[in-house]
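Enquirer: Please read through the structure below; I'll follow up with questions.
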Amino acid sequence: MDQIVDQTDLTDAKTFLSGVPHDYFTALRRHDPVHWHEEADGPGFWCITKYDDVTALSRDPKRFSSAAENGGHRIFDEVDRRDMGTDEPGVSMISQDPPIHTSVRKTMLPTMRAGYLHSMEDKIRARTRRLFDGMAGQENVDWVEAIAAPLPIETLADLMDIDDEHHAKLFEWSNAIIAEADPEMRPSPEYMEQTWLEMAQFAGGLYGERVGKDGTDILSLLMNMPVNGQPISVKDYLANFGLLIVGGNETTRNSITGSIMAFTEFPDQRQLLIDQPELIPSAVAEIIRWVTPVLHMRRTAMEDVELRGKTIRKGDKVLLWYVSGNRDEDIFDDPFTFDITRMHKFGNRVMHLGFGKGEHMCLGRKLAEMQLHIYLEELLKTYPKAVQTAEPRRVESNFVTGFKDLPVRLQGAAEG
């Protein structure tokens with residue numbers, strides 16, 4: 001236990017370059033589930049590693065704040081970050097507490113309701129089929145480039161009512177925002193400053209075109225519906241634009257990539273899905289649990305709290321490790337086995353932490369699930385035996401489970 005802890009630094013994104021350090025989190029769950037992690041250039045933070053604790057703290061925003069003025073939702077304090085090209089960046093809803101968070105969230109809810117999502121289903125299916133058809137005649141592909149990246153980005157562009165010509169920029173901006181430690185995706189401070197400027201100019205242009213209009217896309221709703229009785233500020237709108245291009249992309253993209261990795265490692269589960277496609281909803285939930293696209297979220301304690309014999313002091317940073325909760329042996333039987341029947345064993349309840357819990361549960365989770373469902377249906381029709389052929393290049397990040405590429409060999413539906 002001590003050796004594993006001493007050798008693992010969660011503040012170093014390189015710790016995750018070869019995959020999640022599951023041995024470390026398993027040791028913490030067993031021996032020190034509320035663990036104090038030292039920090040070389042900061043005050044340190046608590047690691048919350050048990051499913052029930054992560055869930056409880058996620059549902060307690062009064063005592064565990066996400067607000068930017070209290071530090072925000074990342075390991076670093078957001079009030080100390082000035083990489084958005086301004087000394088006073090706006091605040092997105094992920095870094096706000098109720099009631100402001102709830103009010104901003106409600107402005108965008110109409111685009112996440114069943115009727116609106118149903119209206120997008122045919123487009124998503126046609127897009128998915130086109131992407132699979134584009135692989136025809138190829139023996140080997142990069143799964144990220146071929147389908148995992150374009151599918152959610154194009155769907156997001158529809159949701160925002162953004163023209164096709166801007167898809168590549170949305171993808172680039174998303175990568176730059178999320179991959180703070182990756183030298184390939186963030187090659188220099190100057191590049192990042194230019195990226196923020198480009199994104200702000202583009203989003204600002206959309207604001208100028210749509211504010212005061214009656215558009216039904218998610219951006220029009222955000223900029224035109226009142227937040228606590230007042231219009232959202234331009235800076236906060238821009239911050240939420242950045243959040244949307246990340247949130248609308250990362251979970252789906254990396255879950256699609258991770259699905260092929262899981263089916264390659266567990267070919268019995270791939271065959272089970274081929275034989276029983278009615279298991280697709282359960283498979284979607286298991287893919288998200290298995291991959292855990294967002295590794296953690298941070299909270300700040302607003303008062304002293306006792307948890308499992310430890311005293312979390314007011315002002316302490318508290319990291320909720322979703323990736324650890326999703327492997328909690330007290331919740332999931334055999335958690336290191338990929339099991340597409342798992343949701344049925346929970347009475348068809350989605351138990352995973354892949355979308356978070358409580359006030360900040362992912363707004364777009366139903367859209368992500370729908371895309372993954374359609375993707376699996378089309379995968380079974382076209383390349384059900386597609387297999388990973390080499391290790392992916394991972395995004396250098398301690399925040400997301402990200403993949404830059406994944407070499408895959410295609411095997412068609414007619415092949416054994």
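Where a number appears in this text, it was derived from the coordinates with a stated rule and is not lab data. This structure is a prediction, so every number in the text was calculated from the model and none was measured. For neighbour counting, all protein chains shown are included, and Cβ atoms are generated from backbone atoms with ideal geometry for every residue, glycine included.
Enquirer: Can you tell which of Pro335, Ala283, Pro392 lies farthest toward the positive end of the dipole of region 268-400, using +1 and -1 charges on the Cβ of basic and acidic side chains (Lys, Arg; Asp, Glu)?
Expert: The one lying farthest along the dipole's positive direction is Pro392.
Enquirer: Checking a compactness column here: for the chain, what do you get for Rg(Cα) / (2.2 N^0.38 Å), N being the number of residues?
Expert: Numbers: Rg = 20.9 Å, N = 416, 2.2 N^0.38 = 21.8 Å.
So the Cα radius of gyration is 0.96 times the expected 2.2 N^0.38 Å.
Enquirer: Pop the C-beta distance of His373 and Glu139 into the FRET formula with R0 = 25 Å and round what comes out to the nearest 0.05.
Expert: Details: r = 27 Å, r/R0 = 1.10.
So, using R0 = 25 Å, E works out to roughly 0.35.
Enquirer: Using a simple charge model, +1 on the beta-carbon of Lys and Arg, -1 on the beta-carbon of Asp and Glu, nothing else, what dipole does the chain show about its Cα centre, in debye to the nearest 20? Intermediate results must be reported in sequence, preceding the final value.
Expert: Numbers: 46 positive and 67 negative charges, 238 e Å.
The dipole magnitude comes to about 1140 debye.
Enquirer: So, counting K/R as plus one and D/E as minus one, what does the shell of residues with Cβ under 12 Å around Ile100 add up to? Could the numbers behind the result be given before it?
Expert: Details: positive: Arg105, Lys106; negative: Glu69, Asp97, Asp236, Glu359.
Residues near Ile100 contribute -2 overall.
Enquirer: Under 21 Å between alpha carbons, and skipping anything fewer than 8 positions from Lys14 in its own chain: which lysines qualify?
Expert: Lys404
Enquirer: For region 68-200, what size does the Cα cloud have along each of its three principal axes, sorted from largest down, in whole Å?
Expert: 52, 39, 25
Enquirer: With +1 on the Cβ of every Lys and Arg and -1 on the Cβ of every Asp and Glu, and nothing else charged, how large is the dipole of region 166-224 about its Cα centre, in debye rounded to the nearest 20? Provide the component values of the computation, followed by the final result.
Expert: Values: 4 positive and 10 negative charges, 51 e Å.
Result for region 166-224 is approximately 240 debye, rounded to the nearest 20.
Enquirer: Under a straight-distance cross-link criterion of Cα-Cα below 12 Å, which aspartates and glutamates are reachable from Lys50, leaving out those fewer than 8 residues away in the same chain?
Expert: Counting by Cα, and skipping residues close in sequence, Lys50 has these aspartates and glutamates nearby: Asp32, Asp328, Glu329, Asp330.
Enquirer: What's the Kirkwood radius of region 1-73 in Å, using all Cα pairs? Before the final figure, lay out each step's value.
Expert: Values: mean 1/r = 0.0730 Å⁻¹.
Over region 1-73, the inverse of the mean reciprocal pair distance is 13.7 Å.
Enquirer: Moving on. Once you sort the root eigenvalues of the Cα gyration tensor of region 224-338 as a ≥ b ≥ c, which label holds: rounded (a/c under 1.5), prolate (a/b larger than b/c) or oblate (the other case)?
Expert: Values: a/c = 3.06, a/b = 1.37, b/c = 2.23.
It comes out oblate by the Cα gyration axes.
Enquirer: In nm², what is the average projected area of the convex hull enclosing the Cα atoms of region 11-118? Please list the in-between numbers first.
Expert: On the way: hull surface 40.4 nm².
That works out to 10.1 nm².
Enquirer: When the Cα atoms of region 357-416 are enclosed in a convex hull and the volume is divided per residue, what value in Å³ results? Could the numbers behind the result be given before it?
Expert: Details: hull volume 6.6 nm³, N = 60.
Once divided by residue count, the hull of region 357-416 is 111 Å³.
Enquirer: Quick one: putting +1 on the C-beta of Lys and Arg, -1 on the C-beta of Asp and Glu, what dipole do you get for region 299-398 around its Cα centre, in Debye to the nearest 20? List each step's numbers first, then the result.
Expert: Details: 17 positive and 16 negative charges, 43 e Å.
Charge dipole of region 299-398: 200 debye, to the nearest 20.
Enquirer: Tell me the chymotrypsin sites (Phe, Trp or Tyr not before Pro) within region 313-401 that lie in a loop according to DSSP and have at most 12 other beta-carbon atoms within 10 Å.
Expert: Loop-located and lightly packed - Phe336.
Enquirer: Mind running the shape call on region 157-236? Use the C-alpha gyration tensor, a ≥ b ≥ c as the square roots of the eigenvalues: rounded below 1.5 for a/c, prolate if a/b tops b/c, oblate otherwise.
Expert: Judged from the Cα gyration tensor, region 157-236 comes out prolate (a/c at least 1.5, a/b above b/c).
Enquirer: Hey, another quick one. Taking the highest mean first, how do the peptides 286-296, 380-390 order by number of other beta carbon atoms within 10 angstrom per residue? Walk me through the intermediate numbers first.
Expert: On the way: 286-296: 24.7, 380-390: 16.7.
Top to bottom by mean Cβ count within 10 Å: 286-296, 380-390.
Enquirer: Can you tell me how much longer the chain between His31 and Val234 gets when fully stretched, taken as 0.36 nm per residue apart minus their C-alpha distance, in nm with one decimal? Display every interim value, and only then the final one.
Expert: Numbers: separation 203, 0.36 × 203 = 73.08 nm, distance 4.71 nm.
Extending this stretch completely gives an extra 68.4 nm.
Enquirer: So how far, in whole Å, is the C-alpha centre of region 325-377 from the one of region 258-282?
Expert: Measuring centre to centre over Cα atoms gives 14 Å.
Enquirer: How would you order 218-230, 301-313 from highest to lowest mean count of nearby Cβ atoms within 10 Å?
Expert: Working: 218-230: 17.3, 301-313: 14.1.
With the highest mean Cβ count within 10 Å placed first, the list reads 218-230, 301-313.
Enquirer: Applying 1/(1 + (r/R0)^6) with R0 = 25 Å to the Cβ-Cβ distance of His167 and Arg129, what FRET efficiency is obtained, to the nearest 0.05? The partial results should precede the final answer.
Expert: Details: r = 18 Å, r/R0 = 0.71.
After rounding, the FRET efficiency stands at 0.90.
Enquirer: Just from its helices, what would the mean residue ellipticity at 222 nm be for the chain, if runs of 4 or more DSSP H residues each count -39500 (n - 2.57) and the sum is divided by every residue, rounded to the nearest 500 deg cm²/dmol? Mind dumping the intermediate values first?
Expert: Working: 16 runs with 181 residues, N = 416.
Rounded to the nearest 500, the figure is -13500 deg cm²/dmol.
Enquirer: How far apart, in nm, are the 7 Å Cα→Cβ label points at Arg409 and Ala56?
Expert: So the label points at Arg409 and Ala56 sit 4.9 nm apart.
Enquirer: Binning every alpha carbon pair distance of region 255-300 at 5 Å from zero, what are the percents per bin?
Expert: Bin by bin from 0 Å, the calculated values are 5, 21, 28, 22, 9, 6, 4, 3, 1, 0.
Enquirer: What's the Kirkwood radius of region 261-416 in Å, using all Cα pairs? Spell out each step's value before the answer.
Expert: Values: mean 1/r = 0.0573 Å⁻¹.
Taking every pair of different Cα atoms in region 261-416, averaging 1/r and inverting gives 17.5 Å.
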